[in-house]
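Structure first, then comments.
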Amino acid sequence: MSSMLTSATTEPAWLRRTLIAIALLFLALFLFVPLAAVFFEALKKGLGVYVAAITDPDALSAIKLTLIAAAIAVPMNLVFGVAAAWAIAKFEFRGRDLLLTLIDLPFSVSPVIAGLIFVLVFGLQGWLGGWLRNHDLKVIFALPGIVLATVFITFPFVARELIPLMQAQGTEQEEAARVLGAGGWQIFRRITLPNIKWALLYGVILCNARAMGEFGAVSVVSGHIRGQTNTMPLHIEILYNEYQFAAAFAVASLLAGLALLTLALKYVVERRTAATHQKART
Amino acid sequence: MLLSRALLKRHSVLPGFDLALGFTLLYVALIVLVPLSAAFLKTFTMSWPAFWSAVTGPRVMASYRLTFGASFAAAVVNAVFGLVVCWVLVRYEFPGRRFVDALVDLPFALPTAVAGIALTALYSNNGWIGQWLPFKVSFTPLGVFVALTFIGLPFVVRTLQPVLEDLPGEVEEAAAMLGASRAQTFVRVILPAIAPALLTGFALAFARALGEYGSVIFIAGNLPLVSEITPLIIITKLEQYDYTGATAIAVVMLVASFAMLLAINALQAWTRSRQGR
């Protein structure tokens, strides 16, 4: 009986194989082959060209700027993500759904527009443009603008990773700690943080990958000054437009490696959270 | 104290509400709301005819057609193949399934510029894939479609996956016992159950594609009136220091994005009510 039901609730073997083949072919054309192509094109002209492209002074300065921008933007969004998740997941308040929508807003704004709005505020013609010039401060076409655009683009990642998890975990443990006399910081460090550490780590890594890879928004505010305001993705564009394909792909392969690392970490985090859920259930 | 008294629906013994929400609101206002309002306020300085001619010029209209058309086509392809990919990942066992499952998220993590140059190289006339195709892909509107398909790929799979995993097997067994063929069960039982999630995934992929810039500009060729997307028009205007013109078009795109955001919120509420949560 059960075997009859199984055969009635699944597809014949030929159809199963066809569907698997279609799925894999589609993913190959749009995912696997492009990913492989990045590394293949990067190493096509040999290891020497690869190393030279990455250790070129302009490339090194682009890598440095990317690291600096991410090192400022990611901690900012980390603090925001934890604060927003604490308020939204642990308390019931009016306007919570509206706040959630506002946090998602940067997801639906084109990166180009994200760059444009900061030009409108901080650019020479912008709201604060005159004041900034009088005080000899530069935001657009400089590091602060790049950081702001990056913060906007990667704004929701940590919060979005934490909110559903912290909502599912509820507030009983924290409340018990409170009743037993623990202070706010103690509750967060000893109860909440251990519960969310894996999701927090993944949120930070994903936020970091997006921060380092952001192209459209940064392209608008950077000014493309070689050796000064070029990030890695912008450096890739310049190399590519100059037909230095192997060099462009060499720098691109660093970011592709970061993307793969991010996916590997996501895999680990998902297994860890599934394991803790199972432990909690039994 | 002020925030908690004004907003809290239920008293909580937990500390930190005022600090956490206060900081959150300040941060959202400074990083998102104030800059976004700058775009809208800027267009209010324009006269209506000036605004209208800026957002309806022939090059701009051609770019809307391409951006919306290619985004729609890419989202349709992602809905169809995303369903197949998701079905295969959830229901079948095959070697490398976990690996494939993990890699589906690649477009979320891979920088758009990297995706752009990789796709351009592959789909150009002498590229690994392009050389086998009888038509040109790179540097045509078809290239825009390829890049947008890549960008939107994870949305349908990831929205559909939890719904397909939670689908109770009993319903399918009941349909089979009542004499339905497998195809009938799929069309009449499974498809209606997963339709809200499928539509949500489609809408997410479409919304993401509308604003995409980095992966498209390398492969599109960027010919005016032919393969120029709207975000590129905004960049071009900015490079010519036409800030008002750029902002006017940006506001049109923002309104379209916000409409999509509302539609997606409604679809997600529908999905949750279907799942009975």
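The values are calculated or read from the model by the stated rules, or taken from the named source; none is laboratory data. These numbers were taken from a predicted model, which means no experiment stands behind them. Cβ placement follows ideal geometry from the backbone for every residue including glycine, while neighbour counts extend to all protein chains displayed. Heads up: the accessible areas ignore ligands, DNA and RNA and are worked out on the full protein's heavy atoms, side chains in. Shrake-Rupley method; radii C 1.70, N 1.55, O 1.52, S 1.80 Å.
See the values below:
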| item | result |
| --- | --- |
| Criterion violated by A:ILE238 - all others in (1) part of a loop (DSSP other than H, G, I, E, B); (2) touching a His at 6+ places or on another chain (Cβ under 8 Å) satisfied | (1) |
| Odd one out for B:ALA176, checked against (1) in contact (Cβ under 8 Å) with a residue 24 or more places away in the chain; (2) surrounded by 17 or more Cβ atoms within 10 Å (Cβ to Cβ); (3) out of contact with any Gly (no Cβ under 9 Å at 6 or more places or on another chain) | (1) |
| Residue in segment A:165-181 that is surrounded by the fewest Cβ atoms within 10 Å (Cβ to Cβ), counting only those that are in contact with a helix residue (DSSP H, G or I) (Cβ under 6 Å, 6 or more places away or on another chain) and within 11 Å of chain B (Cβ to nearest Cβ) | A:GLN173 |
| Test: residue in segment B:118-128 that is open to solvent by 10 Å² or more (accessible area, probe 1.4 Å) and away from every other protein chain (no Cβ under 13 Å) | yes |
| Hits in segment A:206-216 (condition: at the interface with chain B (Cβ under 9 Å from one of its Cβ atoms) and either open to solvent by 30 Å² or more (accessible area, probe 1.4 Å) or of a type in the set (A, V, I, L, M, F, W, C) (or both)) | A:LEU206, A:ALA209, A:ARG210, A:MET212, A:PHE215 |
| Options B:LEU19, B:LEU26, B:LEU33, B:LEU66; residue that is of a type in the set (A, V, I, L, M) and touching a helix residue (DSSP H, G or I) at 6+ places or on another chain (Cβ under 7 Å) | B:LEU66 |
| Segments classed as helices (runs of 4 or more DSSP H), wholly inside segment B:24-112, with at least 1 members that are in contact with a strand residue (DSSP E or B) (Cβ under 8 Å, 6 or more places away or on another chain) and open to solvent by less than 10 Å² (accessible area, probe 1.4 Å) | none |
| Odd one out for A:ARG16 among (1) facing chain B (nearest Cβ under 8 Å); (2) charged (D, E, K, R); (3) outside any helix (DSSP H, G or I) | (3) |
| Test for A:GLY129: is it modelled with pLDDT under 90 and either open to solvent by 40 Å² or more (accessible area, probe 1.4 Å) or of a type outside the set (Asp, Glu) (or both) | yes |
| Every residue from segment B:183-201 that is surrounded by 18 or more Cβ atoms within 10 Å (Cβ to Cβ) and over 17 Å from B:PRO162 (Cα atoms) | B:THR185 |
| Test result for A:VAL139, within 12 Å of another protein chain (Cβ to nearest Cβ), closer than 22 Å to A:PHE215 by Cβ and either in a helix (DSSP H, G or I) or open to solvent by less than 10 Å² (accessible area, probe 1.4 Å) (or both) | no |
| Residues (surrounded by fewer than 24 Cβ atoms within 10 Å (Cβ to Cβ) and either within 8 Å of another protein chain (Cβ to nearest Cβ) or of a type in the set (Asp, Glu) (or both)) located in segment A:220-252 | A:GLU237, A:TYR240, A:GLU242, A:PHE245 |
| Residue within segment B:251-268 that is more than 9 Å from every other protein chain (Cβ to nearest Cβ), outside any helix (DSSP H, G or I), farther than 26 Å from B:SER53 by Cβ and modelled with pLDDT under 90 present | no |
| Options A:PHE152, A:PHE107, A:PHE188; residue that is out of contact with any Ser or Thr (no Cβ under 7 Å at 6 or more places or on another chain) and buried (at least 24 other Cβ atoms within 10 Å of the Cβ) | A:PHE152 |
| Odd one out for B:LEU238 among (1) open to solvent by 10 Å² or more (accessible area, probe 1.4 Å); (2) assigned to a loop (DSSP other than H, G, I, E, B) | (2) |
| Answer from A:ARG133, A:ARG189, A:ARG210 - the residue that is of a type outside the set (Ser, Thr, Tyr) and under 27 Å from A:LEU254 (Cα atoms) | A:ARG210 |
| Residues (closer than 20 Å to A:GLY216 by Cα and facing chain B (nearest Cβ under 7 Å)) located in segment A:120-132 | A:LEU120, A:VAL121 |
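This table checks each residue for (1) without any contact (Cβ under 8 Å) to a residue 12 or more places away in the chain; (2) among the aliphatic types (A, V, I, L, M).
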{"site": "A:ALA21", "(1), (2)": "yes, yes"}
{"site": "A:PHE30", "(1), (2)": "yes, no"}
{"site": "A:LEU47", "(1), (2)": "yes, yes"}
{"site": "A:ALA59", "(1), (2)": "no, yes"}
{"site": "A:LEU65", "(1), (2)": "no, yes"}
{"site": "A:ILE72", "(1), (2)": "no, yes"}
{"site": "A:PRO75", "(1), (2)": "yes, no"}
{"site": "A:VAL82", "(1), (2)": "no, yes"}
{"site": "A:TRP86", "(1), (2)": "no, no"}
